Each structure stands twice: as C-alpha cells, then as structure tokens.
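The values are calculated or read from the model by the stated rules, or taken from the named source; none is laboratory data. Just so it is clear, the structure is predicted and the values come from calculations on it, not from any experiment. Every residue, glycine as well, gets a Cβ built from its backbone with ideal geometry; the counts of neighbours run over all protein chains shown. Just so you know, the surface numbers come from the protein's heavy atoms only, side chains and all, with ligands and any DNA or RNA stripped out. Shrake-Rupley method; radii C 1.70, N 1.55, O 1.52, S 1.80 Å.
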Amino acid sequence: MKNPIEIIEDNNALIQFVDVIIPMKIPMTYTYRIPESKKGKVVKGGRVVVQFGKKKILTAVVYHIHHQPPQKYEAKPILEILDETPLINNYQFQLIQFIAAYYLCTQGEVLNAALPSGFKLNSESRIQINPLFSFENELSEFSDIELNAIEILKKESSLTYEQLAFHVSVKNINPIVKTLLSKNVILLFEEIKEKYSPKIIKKVRLNHIYLNKEALYQLFQQLEKKTSYIAILQKYIQLVPILIDQIHNEKGVEKKKLIEETDANSSINTLIKKEIFEEFSQIIPRFELEEETAQHISLSDFQNKAIEEIEQLFISQNTVLLHGITGSGKTEVYIELIKKALGGQGQILFMVPEIALTTQLVMRLQKVFGKKLGVYHSKFSNNERIEVWDGINSGRLNIIVGVRSSIFLPFDNLNLIIIDEEHESSYKQTEPSPRYNARDMALVLAKYHHAKVLLGSATPSVETYFKATNNEWGLVEMKERFGGANLPEIKLIDLKYVRKNKLIVNDFSNQLIHGINNNIHQKKQSIIFQNRRGYSPMLICDDCGYTPMCEHCAVGLTYHMYKAELTCHYCGYKEKVITSCPACGSNKIRTKGTGTEKLEDDLKLIIPEARIQRMDLETTRNKNSFTKIIREIEQGKIDVLVGTQMVSKGFDFENVNLVGIVDFDRMLYFPDFRSSERTFQTTLQVSGRAGRRLEKGQVIIQTTNTNHWLLRCVINHDYKNFYLKEISEREKFNYPPFSRIIKITIKNTQEKRAHNTANHLYEPLVKALGTKRILGPQAPAINKIRNYYLIDIFIKIERKQLDLTKTKSFLLSKIQETASIKTNQTSIISIDVDPM
C-alpha cells in the first residue's frame, strides 16, 4: 500500500502545469494549473488567460508544459485558452530570452514589446444584479436614483459602468455602485474582451436565379417602370461583368460602392428585400497592396558589380556592409537581392529606422512585389498589425518592410535581412524597457535562422565600419551616383560675417534666400533643415530674464505659435502663451532661438509666392500625413520643405536641387562622444537629398566656424578621413567600438534621495571595477523629467579585458542589493546597455 506522500506525487504526475511569460516586469515565469477540461488543448507559444494577483486578468504566453507544481505557491488554474496553434514560435522565444539577458531586463518586458496590443486581452468591469438578493425586503432605504439603477439592471443581464451611468443619466456612477455593493444588491465581474476585430464589409450580389441571360432579360422587363431599379442593375452589371462570366457574381460588389455609384440607398435595400440582390459579409485585410506591375529595373554596371560582390561575400560571411554614397542606387540593389532570396522560398525582412521612410519605399517595392509585401509600424492600428502578423503565419506575406519592432514578427524561414540606414539611432529603443537596438538584434535573429544580413548606409556607424574594415563583416562600396548624377556642391556661409554686415534676414542669409528664389523661378524644389521643432525654443522677458519653465522637468517650454501654447517636449505639459512677465510684470516678452515653425513663418514673409510645407512631429502625427506630404512634393505642389531630421531620411525627390542647413553649430556642440559622428551623418544625409538626377545640386550650410575639421570632410564628401580621425579619438579615450558602455540611471522624486541611491551603488562598483571604468555619479544636462530627478552612472567595459556576462551578472546583483536598502526603495534604477 502506498503512503500518503507517494499518493500526492502520483496525483501531481497526472496534473499538468504550464509556465507562462506574463507581459509585465516580472523576473521569472509563473506557473499555472491546466484544468481537467482543458488538457490536451494548451500549446507552447499559445496565449492563455490567467489571473495574476487578486484582481488582474491578463494574457500570458505558454512557455513550458510539465507536471511539476510550484514549490512556493499554489498554482491557480488557467481561465481560458485563446490559441489552438502557437502564436510565438521557437525563434521568437530564443530572441526574447537573448534580449532579456543581454539588455538586463525581464522576458515579460520583452514580450510586452513584441506582442501587438491587439493580442493582449483586457478586462472590463461589468455590473449585474446579485441573484441572492431578495427584493421582498424593504426598499425604502434606497434613494430614487438607486431604485432606478436597480430596475434598469433587472432588465439587463449586465452593464458596464458607462452604460449604467448613461441609463441613470448621471456623470459619476461610482457612489451609486458603491452603495449597492455595500447592500449586496449587485455583483461586479470582469468580462474578458479580445482587442482584435476583423474588418468586415457588406457586399451585394445578384440572386443566382437571374444569372442566365433569359432570366435577367425577364427581370428587366418586370422592372421596366422602376427606372431607379433598372439603373442599379445596369450599374451592377457594369461593375461585376456577369455577362462575360457568371463566376464574377460570387464576389459581388461592395454595397457602399454601389450606393456611391447610384445614390440609391433605399432602392438597393428594397431590391435586397425582394430577393433580387443578396446581401452578405466579407472579412477583408486592412492593409493590402495592389498586384505587382511588371517592373524591369535597368541596373548600372557598378550596381551589378556591387550585387556580384555581395553574393560572393555571402559565401563566406553572414553579414555584409553596403557603403554607398547618397543617390548611388542602393534601393535597386536591395530589390535585386530580394528577388533572388524569394527564389529560395524564404522570407525577407527589410528594416528601416523611421516610419517616414516606409512611405516612399513601399511605393517602389509594391510595383515589384505586389501582395507579397507587408508593412509593419506603429502608425498602423492594432488590427492592421495583427493582420500583418497573421499574414506571415499564413504564408501570404513573404517580404516585410518594418521599423524596429518588426524583429519580433513570427518569421519561420528568414533568408535575408536588409537593414537600411543602419547608422540611425532610431533603431535603438530608449524608453520603456527593453532598451534594445533592433539593428544589433536583427543580427542575432539572422543567426537563429541561418540568414544573411545586408547593412546599408551612405554614412555607416563608426562601430559598423570598424567591423567591416577589420574583416569581421564583408564590405562593398558604391562610390558613384546612379545615372551619372553628381554629388552636390557644398557652400559654407559664415554667420559671424553675414550678421556683422547685415546680409541676413532673420535666420536666412542672403545667399540662401537667393538660392530658394532661384529654385522657385526654375520650378525646382528646396529643403530647409533645422533640427528643432516648434516656433522658438523659449520665450524670455527682456527686463528680468524670466523664462517659462516646465513644472515637471528641468527644461524651458517651447513656444508653438500655431497652437498658441507653450509645450514641454519631454512630458507634454502645456501652458498658455504669456503676454506679460509673471515675475516683473513687463510686457517686453520676445522669442529666443528658432524652430521649424518660425522658419516656415519667416519664409512666408520673405518669399510670399513660395508654397511652403513643414515636416516635423506636429505635421506628421496622423497615419497618412507622411504619404500626403511626400506625394505633394513628388507632384510639384510644394516649393520649399522645412523640416527636422525627418527630411534627411533617405528620400529620393528628383526635383529637389537645393538644401539649406540653417544652424550647423547646434548639432555639433552637444555633450556626447557621438556628437561629431551624428553631425557628420545628418549633414551628409540631408545634403544627399539635393541634385539626385543629372543637374548638380547645391547645399548651403550656415555656421560660425567655417574652418572646423568636420566641415572639411562634409565639403569633400569624405567619409574615410572622418572615420580615421573619429576612430583614433575613440581608441584614445576607450569608447566604442573598443569598449562597451552600460548606463545606469537613478530616478527619484526627491533629488537628495536620488543622489544617495547613486552613491550607494557607486561604492561597490568602483571598488570592484576601478575608477577608470566608472564615470559618475553625475546629473545629466536635463536633470529632471516628469517630476523625477536623474543621476547617471556610466560603466566602460573593455572588450578584450573583462567578461561581459560576468560583469553584467555582478552589476545586476549590486543593483538589486542597492534597491533592497530601505532608504533606496523609492528610487527607480534603470539599465541601458549600449546607449546611443
């Protein structure tokens, strides 16, 4: 006879458990019990609904199925199974685990970033009558409004808070609900809702009994006096060619389109009632491109040579850098390589750093690849992103153009990853965690799939070029512009000289104004670059120097003239524009500094006939705003485009012949070891928008330091000399690529506590790693954001001297020790590995 312990062990062996990853900042997986009724239905990678804590109902993803109960707590049952097949595959699990380990965050945080929010269920509180409450009791203790609520709930099975408030006609239903709960009249429960809903359209088709010509002829005779019905039928036959082939009738026509074409809504409904038309529903994709059109791309000799070199390098190297100057035709090279990769029945991921780049790129790729192409970025709705996810799983989509989050898509057979503009800092996520670099993680993803990676840029990052020139990766260079186009001529304007001699209007030198005017007369277009949005960075009182500051951050408020408000670009705090100084009462309030709004406004006054458009965060918030602006430029409806970094992102506008950089110095003198690199990259990239066809373009750069070494490299389009000087500086001061950097940020609403926590952490770190490897603790340039004071500690880890994994493990243990000290528990400690 078995003893009680053996019986318990046998029972546990029969019970199934699952370890799930919950999309929250939870260090470990969590174990749940599979109820008897759900055995055999749970799959690894599928979603389940679980209760976490007392009230939270969450979506989790199954990571492991086993028979081992948790030792520290009693396993709760899973509430619902959402997927019969895996939503997350093994490649995705591997990537999630690697990102969590490398960037020192949790798997839950990575899963939260990976899953479109439409895949995460939410719970909504609903109210119902308590079936145990007896209404035979005295109801005089209830107010009229409470009695009204009770009567409404008796008629309905359940209502949400908002629905009950609407029926009772009150703004705040909470006090009523609280009273009814205390008297046990009602119950609250959570209703789980799927966030994803397919797009459904209403369609109509002709009843099949009228499909032969004789029956159709008789129908027209019957309706002879009903001219509106006849018109509708004629329009239907025009839209759906049933006389050519009856099979077209199955697809029918969208009801909305037929209404628009005939302006006869009621008559169409009557024909449906008479069973002449049948109405039916159809689920359609939210994002669907047209069929490809035959596109023969004539490649130049140097493009064909680049393709041959890349393919040759792919034999021995998994990663190749394509260093091609602006306008060299890298996109055509990408397209040719994608065609060849598709021949191997594999999937292709084409990564771009910004949503802005997808618009023009998709137009070009769609002509070649049609419906095989999917697009994935944050301006798409949850439903659209889910449909791209499903399109990959179903095999409908083979090519994805996406921003950084596209690395999390469910690829199962990646052949090729192309990372365009690989130098861009937009590939790095800074907030919230996981603070991953999608460019670097794409290399990891490629390794799992045994795929090849092509990195492309006119201005590669120093780290990338270092690896390519040291034989870690392959290197292919394209030094000619496509179609015989020349690189633009770059002119420097000395701001000190033009200001002294009054050869400037507001922020535009006379030469820049002349260039814009000349372009307009020649029906050419211009781009004006200023890496600062808003009208002006600040307002200032001329008498006492007062500047409006954000209440929550240590920054001045930016003046937005068109909205007539002062805005904080860090937390979103807003104030009305001041007309008098709150400090001294003076009316002498003026703007200081220049943003894109002011440049646009000034240009309209200087050149009234110019058609000017602004491209920055304010003008591109809507989903289709990028597309609209780009199409207007291509159609010649815009003379001057004023913008921030968005205008430098790989656009190909054939009629742009002039680029003006209003304030070069503002980019250069920034306290960051990468400031020279970023300034060079941005300047050369935005310059590359000019003269991309046969006519040579012109770039005008306004600066107070025309002799700066970086400008010599820019004028000569000389990446090589820039790189040699920069890599020498990096090696001298032990910056990447010769070391890795980890940034630790301590946040607290009290400045003193932030400093104390930072000092507690600094002491064991400097003791173990030494003062040369630790920079800080120090407050950043902006030391307060969203009411939190910030203190940074930087750690430099030499690539050849310290074990990265062991150093990270030590670092994590010291952070946990510091956080556990009682006086530090109000501080938030965040980690950023390889900060940009």
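Pairwise Cα distances in region 392-546 exceed 19 Å for 73 percent of all pairs. When the trypsin sites (Lys or Arg not before Pro) in region 520-556 are filtered for DSSP coil states and for at most 14 other beta-carbon atoms within 10 Å of their beta-carbon, the remaining sites are Lys523. Using just its DSSP H runs of length 4 or more, each adding -39500 (n - 2.57), the chain gives a mean residue ellipticity at 222 nm of -10500 deg cm²/dmol after division by all residues. In the complete set of protein chains, residue-level accessible area for Cys541 is approximately 0 Å², probe 1.4 angstrom.
Basic side chains Lys and Arg get +1 at the Cβ, acidic Asp and Glu get -1 at the Cβ, and with that the dipole of the chain about its Cα centre reaches some 1320 debye. Projecting label points 7 angstrom from Cα along Cα→Cβ for Leu187 and Thr704 puts them 7.3 nm apart. Only Cα pairs under 8 Å and 6+ residues apart enter the sum, and on that basis the relative contact order of region 494-645 stands at 27 percent. Summarise the accessible area of region 557-656 (1.4 Å probe, protein heavy atoms) by the percent that is carbon and sulfur. Result for region 557-656: 46 percent of the exposed heavy-atom area is carbon or sulfur. Share of pairwise Cα-Cα distances greater than 16 Å in region 514-614 is 61 percent (whole percent).
Can you give the FRET efficiency to the nearest 0.05 for His208 and Asp718, using r as the Cβ-Cβ distance and R₀ = 45 Å?
Given R0 = 45 Å and the Cβ-Cβ separation, E is 0.05.
Given a 1.4 Å probe and every protein chain left where it sits, what share in percent of the accessible area of region 67-109 is carbon and sulfur? Of all accessible area on region 67-109, carbon and sulfur atoms account for 51 percent. For region 39-106, a simple Cβ point-charge model (Lys and Arg +1, Asp and Glu -1, everything else neutral) yields a dipole of about 260 debye relative to the Cα centre. Farthest toward the positive end of the dipole of the chain, out of Ser426, Ile268, Val253, is the Cα of Ser426, where the dipole comes from beta carbon charges about the Cα centre. Between Gln312 and Glu74, the distance separating the two model label sites (each 7 Å from Cα on the Cα→Cβ line) works out to 7.1 nm. Computed on region 573-676, with alpha-carbon pairs under 8 angstrom and 6+ residues apart, the relative contact order is 20 percent. Of the trypsin sites (Lys or Arg not before Pro) found in region 7-87, those in coil by DSSP whose Cβ has at most 14 other Cβ atoms within 10 Å are Lys25, Lys39, Lys41, Lys54, Lys55, Lys72. With all protein chains kept in place, the per residue accessible area of region 392-551 amounts to 40 square angstrom at a probe of 1.4 angstrom. Both radii come from the Cα set of region 463-517: Rg as radius of gyration, Rh as Kirkwood radius; their ratio Rg/Rh reads 1.30. Average accessible surface for region 711-832: 54 Å² per residue, computed with a 1.4 Å probe over protein heavy atoms with every protein chain in place.
Loop-resident trypsin sites (Lys or Arg not before Pro) (DSSP state other than H, G, I, E or B) in region 587-620 with no more than 16 further Cβ atoms inside 10 Å of their Cβ: Lys588, Arg611.
Taking 7 Å steps out from each Cα toward its Cβ at Ser820 and Thr805 produces label points 2.4 nm apart. FRET efficiency for the pair Glu575 and Gln222, taken as 1/(1 + (r/R0)^6) with r the Cβ-Cβ distance and R0 = 60 Å, rounds to 0.30. When the alpha-carbon atoms of region 605-663 are used, the pair Rg, Dmax equals 11.5, 32 angstrom. Computed extension gain for Arg590 through Lys502, at 0.36 nm per residue and net of the alpha carbon distance, reaches 29.6 nm. When only the Cβ of Lys, Arg, Asp and Glu is charged (+1, +1, -1, -1), the dipole of region 711-814 relative to its Cα centre reaches about 180 debye. Rounded to whole numbers, the Karplus 3J(HN,Hα) couplings from phi for region 625-631 are 5, 4, 4, 4, 5, 4, 5 Hz, using 6.51 cos²θ - 1.76 cosθ + 1.60 with θ = phi - 60°, and x at Gly and Pro.
Return the percentage of antiparallel bridges among DSSP beta bridges fully within the chain, rounded to the nearest 5 %.
If I count the DSSP bridges inside the chain, around 60 percent turn out antiparallel.
In this structure, Lys199 and Gln635 have a Cβ-Cβ separation that, at R0 = 41 Å, corresponds to a calculated FRET efficiency of about 0.90. Under the criterion of Cα pairs below 8 Å and six or more residues apart, the relative contact order for the chain equals 10 percent. The 1.4 Å probe gives accessible areas that order Met836, Met646, Met351, largest first, as Met836, Met646, Met351.
Shape call for region 677-836 from the C-alpha gyration tensor, a ≥ b ≥ c root eigenvalues: rounded (a/c under 1.5), prolate (a/b greater than b/c) or oblate? Here region 677-836 falls in the prolate category. Available extension along the chain between Ser157 and Lys44 is 37.1 nm, counting 0.36 nm per residue and deducting the alpha carbon span.
Could you compute the net charge surrounding Pro434? Neighbours are other residues with a C-beta less than 13 Å from the C-beta of Pro434; K and R count +1, D and E count -1. Summing Lys and Arg as +1 and Asp and Glu as -1 gives -1. Taking all protein chains as present, what is the carbon and sulfur share of the accessible area of region 667-727, in % to the nearest whole number, probe 1.4 Å? Ligands and nucleic acids excluded, carbon and sulfur reach 52 percent.
Computed over region 65-117, the percent of Cα pairs more than 19 Å apart is 50. Ranking Ser820, Ser300, Ser425, Ser457 by solvent-accessible area of protein heavy atoms (1.4 Å probe, all protein chains present), from largest to smallest, gives Ser820, Ser425, Ser300, Ser457. Its residues counted as N, the chain yields a C-alpha radius of gyration over 2.2 N^0.38 Å of 1.13. Here the gap between Val766 and Gln522, fully extended at 0.36 nm per residue and compared with their Cα-Cα distance, gives a gain of 81.5 nm. Other residues lying with their Cβ under 12 Å from the Cβ of Pro23 contribute a combined charge of +3, Lys and Arg counting +1, Asp and Glu -1.
Exposure check, 1.4 Å probe, all protein chains in place: Ser281 carries approximately 70 Å² of accessible surface. Remark: region 36-135 carries 49 Å² of accessible area per residue (probe radius 1.4 Å; ligands, DNA and RNA excluded).
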